[in-house]
Amino acid sequence: MSRGSPQEEAVRAIYEEIASAYEALFPVLGRYEDRVERFLADAVSPGCRVLDVGCGPGLHTKGLQPSVHVVGTDLAPQMLELARQARPSGEWYAHDYYQPFPAEWGRFQVALALGCLDFCDDLRRVLRHIADMLAPGGRLLFTALERRPGHEGHEAPTREVRTAGPAVTLHWYSFEEASRAVTDAGLEPRAYVHAPGWVQLAEERTLWFGWWEVERR
């Protein structure tokens, strides 16, 4: 998905359309349990800097203590506006994760990339861009749809999904592919779990993630 590609425009259009309802929909669709909260409670310290890639309306960072500096990115301007309303002290930018993040944003001790890599066709490249923004020892929690033989709906590397708007392509990575992308990006795995991610309502199917906690070497 290159900048300005039909896939990027489709993803932006979908999230613009659902932005106003996203927070209400999340409890219905999301299967994150308390994994994000536990990671943030352990990784975030007073005064640290957090990068939230694919931040949506800022659900995961809006409750962090005021001393924490949050920078969030998304494709959809309406999502960014909701995130800005939820945490006015944060910085919120339209950014395509296939492009390097601006160096002037500085380095971060913590980063999130949750749910947004479902549309990513070059996991190593995107993880490298995020890794470049982490301070040494900085920690990232990311999710990737995981391909597993015999796991219904998770056997193929890609699948086109119809939406109320344009169709989009989802990308599934095997554990081995994701692991190589992590190490090639200069990151060190700390923890991993194969667990539910979200419910695809059209097919009434729960999609499963590889949940990766990694650290910059």
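The values are calculated or read from the model by the stated rules, or taken from the named source; none is laboratory data. All figures in this text were calculated on a predicted structure; none of them were measured in a lab. Cβ placement follows ideal geometry from the backbone for every residue including glycine, while neighbour counts extend to all protein chains displayed. Surface accessibility is based on the protein's heavy atoms, side chains included, excluding ligands, DNA and RNA. Shrake-Rupley method; radii C 1.70, N 1.55, O 1.52, S 1.80 Å.
For the stretch 1-61, just say rounded, prolate or oblate: build the C-alpha gyration tensor, square-root its eigenvalues into a ≥ b ≥ c, call rounded for a/c under 1.5, and beyond that prolate if a/b exceeds b/c, oblate if not. Verdict is oblate for the stretch 1-61.
Length available on full extension from LYS62 to GLU176: 0.36 nm per residue minus the Cα-Cα distance, which gives 37.7 nm.
Given all pairs of different Cα atoms, what value in angstroms does the Kirkwood hydrodynamic radius of the chain take?
Numbers: mean 1/r = 0.0576 Å⁻¹.
Result for the chain stands at 17.4 Å.
What percentage of the solvent-accessible surface of the chain, computed with a 1.4 Å probe over protein heavy atoms, is contributed by carbon and sulfur atoms? Please report the intermediate quantities before stating the final value.
On the way: 5060 of 9800 Å².
Carbon and sulfur: 52 percent of the exposed surface of the chain.
A simple charge model with +1 on the Cβ of Lys and Arg, -1 on the Cβ of Asp and Glu and nothing else charged puts the dipole of the stretch 141-217 at about 120 debye relative to its Cα centre.
Charge tally for VAL110 (other residues, Cβ to Cβ under 12 Å; Lys, Arg +1; Asp, Glu -1): 0.
First select every other residue whose beta carbon is under 14 angstrom from the beta carbon of LEU123; then total the charges, Lys and Arg +1, Asp and Glu -1. Please list the in-between numbers first.
On the way: positive: ARG124, ARG125, ARG128, ARG147, ARG180; negative: ASP118, ASP121, ASP122, GLU146, GLU176, GLU177, ASP184.
So the surrounding residues net to -2.
In the context of the full set of protein chains, the chain has a per residue accessible area of 45 Å² (1.4 Å probe).
Just need the relative contact order of the chain here, percent rounded to a whole number, with Cα pairs under 8 Å and 6+ apart. Kindly include the intermediate steps, with their values, before the conclusion.
On the way: 428 pairs, mean separation 43.1, N = 217.
After rounding, I find 20 percent.
By the Cα gyration tensor, the stretch 87-176 has an equivalent ellipsoid whose semi-axes, rounded to whole angstrom, run 28, 17, 11 from largest to smallest.
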